[in-house]
Amino acid sequence: MNMIYFNGEYVEDQITISPDDRGYQFGDGIYEVIRVYNGKLFTAKEHFERLLRSAEEIKIELKLTVADYIAICERLVKENQVETGNIYVQVTRGNAVRNHIFPESSEPVTFIYSYGSERPVQGMREGIKVITADDIRWLRCDIKSLNLLGNVLNKQKAHEAGAAEAIQIRDGIVTEGASSNAYIVKDGAIYTHPTDNLILNGITRQVIKQCAEENHIPFVEKTFGMDELLAADEVLMSSVSIEVTPVIQIDDRTFNVGPVTRQLQAAFEEKISSL
Ligand SMILES: *Cc1c(COP(=O)(O)O)cnc(C)c1O
């Protein structure tokens with residue numbers, strides 16, 4: 001039995017979503033993925049603060065507070081006995097007769113579920129292969145929206161090329177992965193795209209920034225292009241699911257896993273063990 005939170009109630013195994021759900025018809029909603037380590041939530045407050053921000057940006061009025069969401073997640077983790085795993089949270093604008101305009105009155109539809117998922121140890125140890133792809137997404141990539149077609153198409157492109165992720169390029173500038181943030185290391189400093197409307201401000205990115213600062217590694221939030229990407233000393237990517245993962249190949253160019261990446265991985269590991 002797996003307990004799921006659905007619109008204020010706790011139910012077992014199954015929920016029913018209406019065909020009129022605007023998430024289903026328009027992708028009109030937002031989501032979060034939160035990591036669970038040793039039965040404990042990792043950076044849950046940051047995730048729900050971001051959920052509240054995403055909701056505000058698309059004008060969905062949430063009924064719950066950050067503390068409410070965390071309490072729900074803790075209950076699910078406990079009831080479902082998740083040790084290492086994820087929590088998925090989705091909120092849509094709700095059910096209404098199909099019309100692009102916001103409905104006059106609709107209740108948000110919320111579900112939260114948990115599931116076991118092992119850590120990506122192989123990728124973290126050995127590194128991953130990625131491709132580069134045009135960033136074809138909309139101009140509000142800062143919102144963790146359910147509209148993921150651009151991301152899905154690039155991720156599929158990577159998969160078909162035998163790669164794990166796509167590093168997306170917009171107007172010659174490296175933005176981020178299809179579901180992760182991207183970084184290069186050059187002469188001992190880490191570079192990554194600034195947090196504006198063109199990337200999602202990853203919670204793992206925030207943790208990496210903190211790790212870098214604590215280890216006196218310069219963390220530079222500045223755009224870089226394809227040339228700098230390919231001339232990097234190290235390349236790495238991050239997300240809740242891939243943590244701190246080195247990149248060992250971009251298209252035909254290969255890279256080594258470097259010391260800065262290893263140092264960040266060790267610092268990240270410490271944050272997990274001090275939970
Ligand atoms: C979720 C996501 C990330 C990574 O964010 P985390 O909070 O670290 O998981 C990066 N880019 C995109 C497009 C995402 O959807």
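The values are calculated or read from the model by the stated rules, or taken from the named source; none is laboratory data. Model, not experiment: these values are computed from the prediction. Because the Cβ atoms are built from the backbone with ideal geometry, glycine has one as well, and the counts that use them run over all protein chains shown. Accessible surface is based on the protein model in full, side chains and every heavy atom, while ligands, DNA and RNA are left aside. Shrake-Rupley method; radii C 1.70, N 1.55, O 1.52, S 1.80 Å.
Summary of computed values
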read-out	value
Criterion violated by Ser114 - all others in (1) in a strand (DSSP E or B); (2) modelled with pLDDT under 95; (3) not basic (Lys, Arg) satisfied	(2)
Which numbered condition Leu236 fails, given (1) open to solvent by 20 Å² or more (accessible area, probe 1.4 Å); (2) within 14 Å of the ligand (Cβ to nearest atom); (3) touching a Pro at 6+ places or on another chain (Cβ under 9 Å); (4) not hydroxyl-bearing (Ser, Thr, Tyr)	(1)
Residue satisfying condition, being within 23 Å of Val260 (Cβ to Cβ), open to solvent by 30 Å² or more (accessible area, probe 1.4 Å) and not assigned by TED's automatic domain parsing to the domain that holds Thr43, within set Ala161, Ala189, Ala231, Ala212	Ala231
Which listed residue, of Thr43, Thr16, is within 16 Å of the ligand (Cβ to nearest atom) and either under 21 Å from the mean Cα position of the chain (by Cα) or without any contact (Cβ under 8 Å) to a residue 12 or more places away in the chain (or both)	Thr43
Scan of region 89-105 for residues that are open to solvent by 40 Å² or more (accessible area, probe 1.4 Å) and closer than 22 Å to Val11 by Cα, ordered by number	Asn95
Residue in region 86-95 that is more than 30 Å from Ile250 (Cα to Cα), touching a Leu at 6+ places or on another chain (Cβ under 8 Å) and among the polar types (S, T, N, Q) present	yes
Test for Arg22: is it touching a helix residue (DSSP H, G or I) at 6+ places or on another chain (Cβ under 6 Å), under 15 Å from Ser145 (Cα atoms) and touching a residue at least 12 places away in the same chain (Cβ under 8 Å)	no
Some residue of region 174-182 being open to solvent by less than 50 Å² (accessible area, probe 1.4 Å) and more than 30 Å from Tyr115 (Cβ to Cβ)	yes
